Amino acid sequence: MSVTNPTVEAFERERRRMLIRQRTQAAVGLAIFTVLLLVSFQRSQFFGSDIGGDPLGRMAHFLQRMNPGLKPELLLEDRQTRGSLHAWFYALPIWLRAAWQTVEMAILATAMGSVLALGASFLTAQNLMPFAPVRFVVRRILEAIRTLPDLIMALILVAAFGVGPLAGVLTLTISTLGGLGKLFAEINEEIDPRQLEALQAAGAGPLKKIRYGVMPQVLPNYASYALIRLEGNLAGAAALGIVGAGGIGLELQRAITYTEFDTYLAILLIIIAMIFLIDLFSEAVRHRLIGLEKA
Amino acid sequence: MTRQAYDQALAIAPAALRAPWTRRARDAVLLLLALAALVGMAIDLQLVPGALMTGFGKLGRFLGEMFPPSSGGQSVRILKALAETFAMAFAGTVIAALVALPLGVIGAKTVVSNPALHFVFRRFLDVFRGVPALVWALILVSAFGLGPFAGVVALALADIPNLAKLFSETLENNDPKPIEGVRSAGASPLLVMRFGLAPQFAPAATSQTLFFLEGNFRNAGVLGIVGAGGIGFELDERIRIFAFDEVAFIILLYMIAVACLDTLSRSLRNRLA
C-alpha cells in the first residue's frame, strides 16, 4: 500500500534532503579530519623510520628504564645499597628544598599577580571605569599577556634576569595578572549596583565606593579564583624551572642531563605530591569561602 | 543620627555599628603575618632589588631590539616549524581523546557503580592531572631522541587524565530519559548507545576535545625548548643568540596562528553546542 497523501510526500522529500545534507557534511568533515590526522602523523614523524619506528616498543623500554629496581627486602637499607628507598631518593633534602622554593615562587607570584589584577580589574570594568579609552588599552594589554605562552615569556625573562627564581616569579606574576585581571573584571561587572548608588547618594568618593560598595561583594569570589590560579601556578612554576627559572624543575633538568631516569621518576613523584597537597589545601579553603559567602 | 536612634540601632544590630575590636585586631595581625610571610619568601628566593633593576634594563634593550621584527630570510623554515607545531598538537589531541574515551567510561559513576573502585580510579587520574606537558616532554625527549615524536606523546600524556575526567563527568550528566526511551522501544545495547547516548555525548565530548586542541597548540609551541621539535626549538635558538628581531617575528606569527585556531575552534564549538 503506497502513501499518496501529498503532505506526507512533501515531508518525506524534505526529510530525505536533510538526511543527504547531514551525511555530506559528516563525510566532508570526516575527510578533512582524516587528511589532517594523516598529515599530522607524517609531519610529527610518529611512525618515522629514521627514529626506528615501533613507538610502543620504545615506550616499554623507556618505562623499564624509569623503574628504580626496588627490592622489597632491601627497602630500608642505606644509600649505598642498590634497591633501597634511600638509594632511589638519594638527594631527598635537596629536592624538598627545591620543591619548597617552587611553592614559594607560586605563592609570591599569585599574591603579586592578584594585587596587580585587582588594580587592572577596576580599570577595565564597565561600571567602575567611565573613561572608555583606558578600558580599551588595559583590556588589550591583558589579552596580549594571555595569548603569549608562559614559557616563551620565561625564556626571554631568563635571558634578561639570569638563571634563578626571579625570572620565574616575574613570569608567573605577569601571566597571573593577565588571567585574573579578566576574571576579576567580569566579577566587578556583575556586582549589585544598588549598594554603589547608596554610597554615591551618601556622598562617598570613588575610593570609598570601591572599599565599601565593591570589595565586600567581590572579595570571596576573588579569593576563590586566586586560589584556583595558585594551583595552576604551582604546576607552571615546576615547569618553568626546566628553562632555568629556579625550583624543582631545575632538579628535573639535572636528572635528565645525567640520564638518571629513576631519579627523574623520584622527582616527578615529589612534584605530583606537592601539587596534590596544594590542591587539597586550596580546595578546603575555597569550600570554606563559598560557605562564608552563602552565610 | 540622633542619640536615641543610634541606641535603638545598636540594640538591634550591634555588629553592624561597632565592629568588635577583637576581630579588627585579629584581621590586622593576620594581614601583617601574611605580608611578613611573603617578604620572608622573597628573601628566601633572593629576589634582590639590584638584580631586578639590571634585569629591567636588559629587558628594555631586548624589547627595543625587537622592532622592526624580521624573518632573517628563513620564513619557509619558520612556517614549516609552525606546521610541525600544529601537527604535534593535532596528533597529540587525537591520541589523547582515543585513550581518554575508555578511561572516561570506566571513571563514570553511572557505568562503574562500585563507589570504592570509582574513588580509586578518579584519584589515580587526579594524581597525574597536574603534571605539565613540558615535564613529560623533558623525559620523553631523552628517551626517544630529539624531534616531534616526543612532543606528541608528551601532549597526549598530559591530556589523557584531564580529558578522561571531563568525559566521565559528561557521561554522568547525560539525561537518562532518551536512553530509557530507546531501550523501551526494544533496541539492542549497541543501538541504545548509538541513538540514546551518542547524540548527547558526542557533541559535548567533541567540543571538549577541540578546547584541548587549542590548549595543545599553545603548549606545543614551547615543547621545542626541551628539544621536542616545532616552533619552540626555533625560538629557543634565536633567544640564545639574542636575535630578538627574529624572536619578535616568530612570536607574532605564532600568536596570529593561535588566534586563528582559537577562532576556528570556537566557531566549531558554537555549532556543536
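We did not get these values from a lab; they are worked out from the coordinates using the rules stated. Small disclaimer: the values here were computed from a predicted structure and weren't measured. Glycine also receives a Cβ, built like all others from the backbone with ideal geometry; neighbour counts cover every protein chain displayed.
Things to note:
- The value of relative contact order for chain B, using C-alpha pairs under 8 Å at least six residues apart, is 25 percent.
- As a proxy for reagent exposure, ranking A:TRP95, A:TRP100 by other Cβ atoms within 10 Å from fewest up yields A:TRP100, A:TRP95.
- The local environment of B:ALA96, defined by Cβ-Cβ distances under 14 Å, has a net charge of 0 under the rule Lys, Arg +1 and Asp, Glu -1.
- Only DSSP H runs of four or more residues enter the estimate; each adds -39500 (n - 2.57), and after division by the residues of the protein assembly as shown the mean residue ellipticity at 222 nm equals -26000 deg cm²/dmol.
- Counting, for every residue in B:137-148, the Cβ atoms of other protein chains within 10 Å of its Cβ and taking the mean gives 6.
- Footprinting exposure proxy for B:ARG122, A:ARG15 (fewest neighbouring C-beta atoms within 10 Å first): A:ARG15, B:ARG122
- Near B:LEU31: Cβ cut-off under 13 Å, other residues only, Lys/Arg at +1 and Asp/Glu at -1. The net charge is +2.
- The mean number of partner chain beta-carbon atoms within 10 angstrom of a residue's beta-carbon across peptide A:101-108 is 3.
- Shielding by partners - mean other protein chain Cβ count within 10 Å, residues of A:269-276: 3
- Restriction of the trypsin sites (Lys or Arg not before Pro) in segment B:15-75 to DSSP coil positions whose beta-carbon has at most 11 other beta-carbons within 10 angstrom yields B:ARG18.
- Residue-wise HN-Hα coupling along segment B:236-248, computed from phi with Karplus coefficients 6.51, -1.76, 1.60 (Hz; x: Gly, Pro): 4, 4, 6, 5, 4, 9, 6, 8, 6, 5, 6, 4, 4
- Anisotropy class of segment B:200-273 from Cα gyration tensor, a/c 1.5 cut: oblate
- Residues B:MET88, B:MET53, ranked from the fewest to the most other C-beta atoms within 10 Å, line up as B:MET53, B:MET88.
- Using a cutoff of 8 angstrom between alpha carbon atoms and counting only pairs six or more residues apart, the relative contact order for chain A works out to 20 percent.
- Cα gyration tensor category, rounded, prolate or oblate, for chain B with a/c compared to 1.5: oblate
- Taking θ as phi - 60° and the Karplus parameters 6.51, -1.76 and 1.60, the scalar couplings of segment B:86-98 work out to 5, 4, 4, 4, 5, 4, x, 5, 5, 4, 4, 5, 5 Hz in sequence order, x denoting glycine and proline.
- Whole-Hz couplings from phi, Karplus 6.51/-1.76/1.60, listed for segment A:220-232; x for Gly and Pro: x, 5, 3, 4, 5, 5, 5, 5, 4, 5, 4, 4, x
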